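Peer 1: Please find one structure pasted underneath; my questions will follow.
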Amino acid sequence: MTEHAIPIDIPPPDAVAPRNRAPSGTTDCHFHIFGAKDRYKLSPQRMYEPADASVERYLAMARTVGIERMVVVNGSPYGTDNECIMDAIDAFGHDKARGVAVVDPDVSDAELARLNRRGIRGIRFNAITARTPLSALSDLGRRIAPMGWHIQMWVRGERLVEVAPVLEELPVPVVIDHMGQVPTSFGMDHPQFRTLVKLLESGKAWVKLVGYRVSEGPPYADLLSPVAAMIAAASDRCVWGTDWPHPYLEGRPMPNDGDLLDLLFTWADEDQVRRILVDNPARLYGF
């Protein structure tokens with residue numbers, strides 16, 4: 001345990017069945033698995049104590065929502081230890097699961113090759129808890145390019161503005177977490193949001209349409225216009241995720257995953273929904 005008290009997450013509710021039917025091949029491109037604490041050790045520097053979020057609990061949610069493919073992202077409580085998500089990929093099956101790892105900047109080529117064999121297809125740069133320093137972007141981007149990986153950015157909007165010139169020069173795709181962490185209250189003319197849209201328009205960046213963390217809250221109507229701008233800029237580079245089990249909410253209301261899928265159908269037409277849920281993830285993650 002850490003020396004100081006840290007927030008303890010609560011488990012998510014059982015998913016409600018969405019009103020809209022998920023198309024075949026629907027992919028959840030952002031969620032976390034937290035396994036048994038006696039098997040997967042948590043980082044002493046973790047921001048929160050994760051709730052039980054096992055493969056079995058996730059699959060129960062996925063069956064209800066209609067998710068058939070999944071991309072599990074290493075959560076910050078594990079630091080740079082990726083064993084839990086790689087075991088989860090094994091459990092889900094390599095035909096329908098991929099992962100995004102967090103690594104140390106001096107990670108060896110042998111370790112990157114091992115991660116690749118285990119189903120990892122990207123590196124997450126966590127600029128919020130500083131697990132992998134942004135100074136390593138260029139070097140790691142160069143090293144992972146031959147494997148066809150991408151870099152995923154968990155970064156607040158102000159840092160996105162700072163690092164955008166570096167991202168534009170990377171030799172790999174860049175995937176922006178959580179809509180760039182730009183609160184909708186800032187408005188679409190804010191430099192942070194304009195930077196996100198510019199990156200999408202450049203053809204370099206992808207974005208995860210996981211927006212409840214930047215919203216003012218249910219029913220998330222404030223997300224409609226920003227998401228429309230993102231889809232208009234890059235409908236072929238938008239992907240969707242649940243963010244299950246919704247860790248570290250910091251007072252935000254707990255969303256339900258069936259409702260989150262229905263929300264996507266209010267943002268996009270039928271063709272766009274299929275691209276976002278099926279075609280775009282297949283291209284990015286190699287399904």
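Peer 1: For W267, W244, what's the fewest-to-most ordering of other Cβ within 10 Å of each Cβ?
Peer 2: Least to most surrounded, the residues fall as W267, W244.
Peer 1: Could I ask something else about it? Take the alpha-carbon centre of the stretch 161-200, take the same for the stretch 1-66, and report the distance between them in whole Å.
Peer 2: Centre-to-centre (Cα) distance: 26 Å.
Peer 1: Enter the mean projected area of the convex hull around the alpha-carbon atoms of the stretch 187-287, in nm², rounded to one decimal.
Peer 2: 6.7
Peer 1: Rg and Dmax in Å for the stretch 1-149, alpha carbons only: what are they?
Peer 2: Rg and Dmax of the stretch 1-149, Cα atoms, are 16.1, 47 Å.
Peer 1: Have a look at the stretch 27-285 and give its Rg and Dmax from the Cα atoms, expressed in angstrom.
Peer 2: That works out to 16.9, 48 Å for Rg and Dmax.
Peer 1: Report ³J(HN,Hα) in whole Hz for each residue of the stretch 230-235, in order, from the Karplus equation J = 6.51 cos²θ - 1.76 cosθ + 1.60 where θ = phi - 60°; Gly and Pro get x.
Peer 2: Whole-Hz 3J(HN,Hα) from phi for the stretch 230-235: 5, 5, 5, 6, 6, 5.
Peer 1: Return the FRET efficiency for the residue pair A113, E250: r is the Cβ-Cβ distance, R0 is 35 Å, and the value is rounded to the nearest 0.05.
Peer 2: My answer for the efficiency is 0.40.
Peer 1: Something else: Could you give the length gained on full extension between D271 and I10, defined as 0.36 nm per residue of separation minus the Cα-Cα distance, in nm?
Peer 2: Length gained between D271 and I10: 90.4 nm.
Peer 1: Ok, one more. Using θ = phi - 60° and the Karplus relation 6.51 cos²θ - 1.76 cosθ + 1.60, list the HN-Hα couplings for the stretch 165-174 in order, rounded to whole Hz, with x at every Gly or Pro.
Peer 2: Coupling constants for the stretch 165-174: x, 5, 4, 5, 9, 5, x, 9, x, 10 Hz.
Peer 1: Search the structure for amide H atoms under 5 Å from the amide H of W244, placed 1.01 Å from N in the peptide plane, and list their residues when 5 or more places away or on another chain.
Peer 2: H32
Peer 1: Per residue of the stretch 187-202, in order, report the coupling 6.51 cos²θ - 1.76 cosθ + 1.60 (Karplus, θ = phi - 60°) as ³J(HN,Hα) in whole Hz, putting x for Gly and Pro.
Peer 2: Calculated HN-Hα couplings, in order: x, 7, 8, 5, x, 5, 5, 4, 5, 4, 5, 4, 4, 5, 5, 5 Hz.
Peer 1: Run the simple label-point estimate for S54 and D236 please: 7 Å along Cα→C-beta, distance reported in nm.
Peer 2: The answer from the label model is 4.3 nm.
Peer 1: Compute a Gaussian network model of the chain, connecting alpha carbons closer than 10 Å, and tell me which residue from D262, D189, D177 fluctuates the most.
Peer 2: Between D262, D189, D177, it is D189 that shows the largest mean-square fluctuation.
Peer 1: Taking amide H positions as placed 1.01 Å from N in the peptide plane, with prolines and chain starts having none, which residues 5 or more places from I176, or on another chain, fall under 5 Å of its amide H?
Peer 2: Distant-sequence amide H within range of I176: M153, W206, V207, K208.
Peer 1: Separate question: Which order do R98, R156 fall in if you start with the one that has the fewest other Cβ atoms within 10 Å?
Peer 2: Exposure proxy ranking, most exposed first: R156, R98.
Peer 1: Multiply the residue separation of A229 and E216 by 0.36 nm, subtract the distance between their alpha-carbon atoms, and state the gained length in nm to one decimal.
Peer 2: 2.9 nm
Peer 1: Could you list V207, V214 in order of exposure, starting from the residue whose Cβ has the fewest other Cβ atoms within 10 Å?
Peer 2: Ascending number of Cβ neighbours within 10 Å: V214, V207.
Peer 1: Same structure, new question: Residues with amide H under 5 Å of H150's amide H, sequence separation 5 or more or different chain, H placed in the peptide plane at 1.01 Å from N; which?
Peer 2: The answer is G122, I123.
Peer 1: Within the chain, what percent of beta bridges assigned by DSSP are antiparallel, to the nearest 5?
Peer 2: 5
The numbers here are math on the coordinates, done by the rules we state, and not lab data. Being a predicted model, the structure only gives us computed values, none of them experimental. Cβ: placed from backbone, ideal geometry, glycine included. Neighbour counts: every protein chain shown.
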